[in-house]
Amino acid sequence: MTVNGSAEPVIAVEGVEKVFDVRRKAAGTLRRERHQVRAVDGISFTVPPGEMVGYIGPNGAGKSTTIKMLTGILTPSGGRVRVAGIDPSRDRTRLARRIGVVFGQRTTLWWDLPLRDSYQLVRRMYRIEDARYARNLDACVDLLDLGPLLDVPVRQLSLGQRMRGDIAAALLHDPDVLYLDEPTIGLDVISKAKVRDFLRTVNAERGTTVLLTTHDLTDIETLCSRVMVIDHGRLMYDGGLDGLHAVGESERTLVVDFAAELPPVQVPGARWVRSEGPRQWLAFPAGDSAAPLVTALAASHPLVDLSVREPAIEDVIARMYGAA
Ligand SMILES: Nc1ncnc2c1ncn2[C@@H]1O[C@H](COP(=O)(O)OP(=O)(O)OP(=O)(O)O)[C@@H](O)[C@H]1O
Ligand SMILES: [Mg+2]
């Protein structure tokens, strides 16, 4: 699998595009005008085996469209896609054995069947051998607490229960690559944590490559070492979360409790943000040390307490989306 010491990518996307032809009613007439939406507009990236990558961006950015091209559901309008060495749109059936897909917005399970029967159908579809099926099902049932749910028809499951059921279904055939399109949408905090723990275990123990789309940045912070940000079908950022802070020009905040109420304090290297009684908030570049600021403040005013707040990843992302 290795070339020049680095693993060959399991996902390789080169200048991929997807243009949708849509018909829209022209304003003030009954005519329908044809018009094109460039949902994905020349995106390139590779993912090595075993990596867990976050794929984020605002609504309509092109995330789901990208995932659909990576599964073979949609054919790209341009560019090149390879997953596990396979061209997804040409060889969708062969690719299906190598990938698992979860679309949080809709289930791949059979609505009227109990989970257990849905899994049996998956087993037959993928011709999963008995021992492997039993092993994988046991592991999923155990880690996702599916035991009490196996005999419940899918339509009677709550959203969180159904999502866990869907994730298990996507993993029964041991896929090399798992695509998750908003797997935590609508889940409560406990269910989200359960799903995250499970994904971390699967990634660590089976080495499954994971591409994860989400609007919950905690998913990204807890699971992904790498994040790709897309907007208007283009890749805006590809790298670590730390790098995002640098690109987003994030700031840390020094929260200072002075002994008395003071006018806004001025310290070189920091920016006064707000005051509330004797407490003041001062922002400074996330990459700078807080020490010189604290020294300067302590030298000029009596301090009671202070703390440093890390930049919220939400703010960084919001700034990026806004700038795009
Ligand atoms: N089948 C389709 N026909 C026409 N336009 C489409 C189709 N699918 C998606 N689009 C358009 O392509 C763009 C990207 O949509 P996509 O679903 O990939 O966004 P997304 O990043 O997944 O957004 P969200 O966060 O809301 O799920 C949108 O403008 C959408 O309206
Ligand atoms: Mg989407």
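Read the figures in this text as sums done on the coordinates, not as results from a lab. Worth saying up front: this structure is predicted, and the values here are computed from it rather than measured. Because the Cβ atoms are built from the backbone with ideal geometry, glycine has one as well, and the counts that use them run over all protein chains shown.
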#### Entry: Volume in Å³ per residue [convex hull over Cα atoms, computed for the range 55-103]
87
### Task
State the three equivalent ellipsoid semi-axes of the range 251-323, derived from the C-alpha gyration tensor as the square roots of 5 times its eigenvalues, in descending order and whole Å.
24, 13, 10
### Query
In Å, what is the Rg of the alpha-carbon atoms in the range 126-263, and how long is Dmax?
19.8, 73
### Message
Given a Förster distance of 56 Å, report the FRET efficiency between Glu276 and Arg97 from their Cβ-Cβ distance, rounded to the nearest 0.05.
### Response
0.40
### Query
Which of the peptides 146-159, 26-39, 79-92 is most tightly packed, and how do the rest follow, going by the mean number of other Cβ atoms within 10 Å of each residue?
79-92, 146-159, 26-39
### Query
For the range 186-309, what is Rg from Cα atoms divided by 2.2 N^0.38 Å, rounded to two decimals?
1.46
### Task
Could you work out the relative contact order of the range 1-154, using alpha carbon pairs under 8 angstrom and six or more residues apart, expressed as a whole percent?
20
### Query
If R0 is 51 Å, what FRET efficiency do you get for Gln120 and Asp305 from their C-beta distance, rounded to 0.05?
0.25
## Note on the structure
Only helices counted: for the chain, with every DSSP H run of 4 or more residues adding -39500 (n - 2.57) and the sum spread over all residues, [θ] at 222 nm is -10000 deg cm²/dmol
## Note on the structure
Magnitude of the Cβ-charge dipole (Lys and Arg +1, Asp and Glu -1) of the range 10-239 about the Cα centre, nearest 20 debye, reported as 1020
### Task
Any chance you could list P(r) for the range 25-183, counting all Cα-Cα pairs in 10 angstrom bins from zero, rounded to whole %?
9, 33, 31, 18, 7, 2, 0
### Summary
Among the Cα-Cα pairs of the chain, the proportion with separation greater than 29 Å, in percent, is 50
## Note on the structure
In degrees, nearest 10, the alpha-carbon axis of helix 189-206 is tilted away from the dominant principal axis of the alpha carbons of the chain by 70
### Message
Tell me the relative contact order for the chain as a rounded percent, counting alpha carbon contacts under 8 Å between residues six or more apart.
### Response
18
### Task
Give the angle, between 0 and 90 degrees and rounded to the nearest 10, that separates the Cα long axis of helix 313-323 from the longest principal axis of the Cα atoms of the chain.
80
